[in-house]
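Q: I am attaching a structure below and will ask some questions about it afterwards.
The values are calculated or read from the model by the stated rules, or taken from the named source; none is laboratory data. Being a predicted model, the structure only gives us computed values, none of them experimental. With ideal geometry, Cβ positions are generated from the backbone for all residues, glycine too; neighbour counts draw on all protein chains shown. Only protein heavy atoms, including side chains, enter the accessible area calculation; ligands, DNA and RNA are left aside. Shrake-Rupley method; radii C 1.70, N 1.55, O 1.52, S 1.80 Å.
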Amino acid sequence: MISILSRLSSFYSSYVLGVLTVGYILGELGHYLIGVTSKQTAIDLDYGDIACQMNTTMFERTELPEQCSAVTNETSCLALDINGTTYCEWNYNGLGIEYQILAGPTFILIFTIAGVFMGVAADKYNRVKMLTVCTVIFGIAIILQGTVKKYWQLVLLRMIMAAGESGCNPLATGIMSDIFPESKRALVMAIFNWGIYGGYGIAFPVGRYITKANFFNLGWRVTYLGTGILAILMAILTGTTLKEPERKAIAETNMQDKSGKKGNLWSVLKNPAMIMLMIAASIRHSGGMTFAYNADLYYNIYFPDVDLGWWLFCVTIGIGSVGVVVGGIVSDRIVAKMGVRSRAIVLALSQLVATLPAFGSVYFNPLWAMITLGLSYFFAEMWFGIVFAIVVEIVPLKVRSSTIGVFLFVMNNIGGNLPIFVDPVAKQIGYRGAIMIFYAGMYGISSILFLITCFMLEGKPKTEENTNKYDKDIEAHTRHIQGHDNSVFTGDEVPPYNNNLPVILTNNHLQKINGTDKAQIRESSRL
């Protein structure tokens, strides 16, 4: 099957992107299902907060003599009725510190630690084989989540699922960056990383409506069983139809700074621009995770009489997809004129524009909440693919996957764990106020940080004359972060001497050094 696909070279790269993206979507679907099935899962496994909540669609909220959420004890809750018909129940609502720990830290802890090791391994071993194994691991873990009987079992399986899914991003990013050219890099990264929001968006109808359908009398469990089985099928497809691409560019290993030290992972990570980019991405990720973990619960609590499942699906999948594509295209189009800095400018502006409608999505009633959510999503979802396009372009190939692993470690530990504070803050100022702070507020803060980051990155590409001049005094990872052309090419000029031996440039661009032909391979910064 591989040989057939290889012959269809013009379609193979798109096929690879499709397989990697679908696999990532299924992993993220398993990740975010807990946010939609949490109430049913909590009732079944006995965890989280218990509260008075509306349990019928017979009445509109405006018809209720007293809102369920205003009652704080079981007796008063069950006593509320309209003409003898009770409309409230005293039960688990899916929230509480147990839920926040289950949704965030237990997953993030393993996901981030394992992600670093996956990134390092991706720079050395066969990425397709590793990705296949990772997909099998998280697929089996998702299936087993549909069979649990205790809260601790669910926690343990989410950790195992996180270990498997941790390899998706660094492994797939390395594969794609070796297949696709720079002109398509941001768009490709955006499409792949949209898998996060694709899985999250699909979780709304799957978690709501399949659970309600109660297939085989399994309720919420069937959603996990089905997702895990599909993940196993994608693992088989990945392992049997994808091939390990040739790793491009080896010249970064020869890049040196003034002190003669070669560029390495530490020199990349300690650069101020990379540090600021990680902080900005972490804050933005926190806003996205807050909404992802709380959206379904939030709208169910504040608008229990309105079914917003399909609305949330359409906004996240439809409008979010358009935003992802537009962000990638805009970033790719202007980067050639303004340099890698242009990607950070797009990030800053998109998150700034998304901030105000994000506030509206948790302030207004259902209709305008969905309208403003759609507007916010269009601009907000530009960010993920562009961030990783920047990372790919500003680091040497030999530490590319390692850097992505560390980047994800930092971003997910900060961004993925900050939402745990939603619960204590909500108990002080209310659930809506907490969501506004940790969701929309983080968008605004990240836009400022991305703007600061853009001034630390290289601007408009320099001319060849300036580039050659700069190459004589290169400090690629100790002063500025530059974009790296991840391809191997011959140098147009060579130094006249090498270790006091004469160098002759032959017609086939080989050096004659002490009578031996050696290929002259150089990498210059794409400034």
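Q: Looking at GLU66, is it open to solvent by 60 Å² or more (accessible area, probe 1.4 Å) and on the phi < 0 side of the Ramachandran plot? Break it down into steps so the answer makes sense when it comes.
A: Numbers: open to solvent by 60 Å² or more (accessible area, probe 1.4 Å): yes; on the phi < 0 side of the Ramachandran plot: yes.
So GLU66 fits the description; yes.
Q: Moving on. Does the stretch 426-434 contain any residue that is in a helix (DSSP H, G or I), among the hydrophobic types (A, V, I, L, M, F, W, C), under 19 Å from the mean Cα position of the chain (by Cα) and surrounded by fewer than 20 Cβ atoms within 10 Å (Cβ to Cβ)?
A: We begin by selecting, within the stretch 426-434, every residue in a helix (DSSP H, G or I); these are 426-429, 431-434.
Still in the list and also among the hydrophobic types (A, V, I, L, M, F, W, C): 426, 429, 434.
Next, only the ones that are under 19 Å from the mean Cα position of the chain (by Cα) stay: none.
No; the residues of the stretch 426-434 include none that is in a helix (DSSP H, G or I), among the hydrophobic types (A, V, I, L, M, F, W, C), under 19 Å from the mean Cα position of the chain (by Cα) and surrounded by fewer than 20 Cβ atoms within 10 Å (Cβ to Cβ).
Q: Looking at the stretch 65-92 only, could you name the residues that are assigned to a helix (DSSP H, G or I) and among the β-branched types (Val, Ile, Thr)?
A: Applying the first criterion (assigned to a helix (DSSP H, G or I)) to the stretch 65-92 yields 68-70, 74-79.
Selection gives THR75 alone.
Q: Let me ask you something else. Kindly evaluate PHE409 against the criterion of being in contact with a Gly (Cβ under 8 Å, 6 or more places away or on another chain), in a helix (DSSP H, G or I) and closer than 24 Å to ASP296 by Cβ.
A: On the way: in contact with a Gly (Cβ under 8 Å, 6 or more places away or on another chain): yes; in a helix (DSSP H, G or I): yes; closer than 24 Å to ASP296 by Cβ: no.
When the stated conditions are applied, PHE409 does not pass them.
Q: Can you find even one residue in the stretch 384-400 that is surrounded by 21 or more Cβ atoms within 10 Å (Cβ to Cβ), under 15 Å from MET289 (Cα atoms) and of a type outside the set (Gly, Ala, Ser)?
A: yes
Q: Where residues in the stretch 435-470 are charged (D, E, K, R) and surrounded by fewer than 17 Cβ atoms within 10 Å (Cβ to Cβ), which of them is modelled with the highest pLDDT?
A: Our first condition is that a residue be charged (D, E, K, R); within the stretch 435-470, this holds for 458, 460, 462, 464-465, 469.
Next, only the ones that are surrounded by fewer than 17 Cβ atoms within 10 Å (Cβ to Cβ) stay: 460, 464-465, 469.
On the way: LYS460: 53, GLU464: 43, GLU465: 43, LYS469: 44.
For the stretch 435-470, the residue satisfying everything is LYS460.
Q: OK, next. Pairs please, first residue from the stretch 272-285 and of a type in the set (Lys, Arg), second anywhere and surrounded by 19 or more Cβ atoms within 10 Å (Cβ to Cβ) and in a helix (DSSP H, G or I), Cβ atoms under 8 Å, 6+ apart in sequence or on different chains.
A: Pairs that qualify, where the first residue is of a type in the set (Lys, Arg) and the partner is surrounded by 19 or more Cβ atoms within 10 Å (Cβ to Cβ) and in a helix (DSSP H, G or I), are ARG284/GLN351; ARG284/TRP383; ARG284/GLY415; ARG284/MET442; ARG284/TYR443; ARG284/SER446; ARG284/PHE450.
Q: Are any residues in the stretch 22-64 assigned to a helix (DSSP H, G or I) and polar (S, T, N, Q), and if so, which ones? Step through it out loud before you land on a result.
A: First, the residues of the stretch 22-64 that are assigned to a helix (DSSP H, G or I): 22-45, 61-63.
Matches in the stretch 22-64: THR37, SER38, GLN40, THR41, THR62.
Q: Of the conditions (1) open to solvent by less than 10 Å² (accessible area, probe 1.4 Å); (2) of a type in the set (Val, Ile, Thr); (3) at pLDDT below 85, ILE142 clears all except one; give me its number.
A: (3)
Q: Still on this structure: Only one of these is farther than 24 Å from VAL206 by Cβ and open to solvent by 10 Å² or more (accessible area, probe 1.4 Å): LEU95, LEU45, LEU78. Name it. Steps first, please.
A: Numbers: LEU95 fails: farther than 24 Å from VAL206 by Cβ; LEU45 fails: farther than 24 Å from VAL206 by Cβ.
Testing whether each residue is farther than 24 Å from VAL206 by Cβ and open to solvent by 10 Å² or more (accessible area, probe 1.4 Å) leaves just LEU78.
Q: (1) at pLDDT 85 or above; (2) open to solvent by 50 Å² or more (accessible area, probe 1.4 Å); (3) hydroxyl-bearing (Ser, Thr, Tyr): which one isn't true of THR290, the others all being true?
A: (2)
Q: Can you find, within the stretch 335-361, the residue that is surrounded by the fewest Cβ atoms within 10 Å (Cβ to Cβ) among those that are within 22 Å of ALA281 (Cβ to Cβ) and out of contact with any helix residue (DSSP H, G or I) (no Cβ under 6 Å at 6 or more places or on another chain)? Please lay out each step first, then the result.
A: Quick first cut of the stretch 335-361, residues within 22 Å of ALA281 (Cβ to Cβ) only: 335, 338-359, 361.
Pick out the ones that are also out of contact with any helix residue (DSSP H, G or I) (no Cβ under 6 Å at 6 or more places or on another chain) and you get 338-339, 349, 356.
On the way: MET338: 18, GLY339: 21, LEU349: 17, LEU356: 14.
This residue is LEU356.
Q: If you don't mind, another one. Do we have ILE202 as under 16 Å from GLY226 (Cβ atoms), crowded, with 23+ Cβ neighbours inside 10 Å and modelled with pLDDT of 85 or more here? Step through it out loud before you land on a result.
A: Numbers: under 16 Å from GLY226 (Cβ atoms): yes; crowded, with 23+ Cβ neighbours inside 10 Å: no; modelled with pLDDT of 85 or more: yes.
No.
Q: Filter the stretch 124-136 down to the residues that are open to solvent by 70 Å² or more (accessible area, probe 1.4 Å) and assigned to a helix (DSSP H, G or I) and list them by number. Lay out the reasoning, then the answer.
A: Pass one, the stretch 124-136, residues open to solvent by 70 Å² or more (accessible area, probe 1.4 Å): 124-125, 129, 133.
Answer for the stretch 124-136, where residues must be open to solvent by 70 Å² or more (accessible area, probe 1.4 Å) and assigned to a helix (DSSP H, G or I): LYS129, VAL133.
Q: Within the stretch 229-268, track down each residue that is assigned to a loop (DSSP other than H, G, I, E, B) and modelled with pLDDT of 85 or more. Show your work before the answer.
A: Initially, the stretch 229-268 is screened for residues assigned to a loop (DSSP other than H, G, I, E, B), giving 242-250, 255, 257-261, 263-264.
Passing the criteria: LEU242, LYS243, GLU244.
Q: What is the number of the single condition among (1) within 26 Å of ILE386 (Cα to Cα); (2) surrounded by fewer than 19 Cβ atoms within 10 Å (Cβ to Cβ); (3) free of Cβ contacts under 8 Å to residues at least 24 places away in the same chain that PHE364 does not meet?
A: It fails just one condition, (1).
Q: Could I ask something else about it? Would you confirm whether or not the stretch 165-178 contains a residue that is open to solvent by 20 Å² or more (accessible area, probe 1.4 Å) and assigned by the TED database to the domain that holds PHE117?
A: First, the residues of the stretch 165-178 that are open to solvent by 20 Å² or more (accessible area, probe 1.4 Å): none.
No, that holds for no residue.
Q: Return the residue satisfying two criteria in turn: it lies in the stretch 145-181 and is at pLDDT below 90, among the hydrophobic types (A, V, I, L, M, F, W, C) and part of a helix (DSSP H, G or I), and of such residues it is farthest from THR106 (Cα to Cα). Step through it out loud before you land on a result.
A: So in the stretch 145-181, the residues at pLDDT below 90 come out as 166-181.
Now drop any that are not among the hydrophobic types (A, V, I, L, M, F, W, C), which leaves 168, 171-172, 175-176, 179-180.
Restricting the remaining residues to those that are part of a helix (DSSP H, G or I) gives 168, 171-172, 175-176, 179.
Details: CYS168: 18, LEU171: 22, ALA172: 24, ILE175: 28, MET176: 29, ILE179: 34 Å.
Among those residues, the one meeting the criterion is ILE179.
Q: Could you identify the single residue in LEU33, LEU5 that is at pLDDT 90 or above and surrounded by 13 or more Cβ atoms within 10 Å (Cβ to Cβ)?
A: Values: LEU5 fails: at pLDDT 90 or above.
After ruling out the rest, the residue left standing is LEU33.
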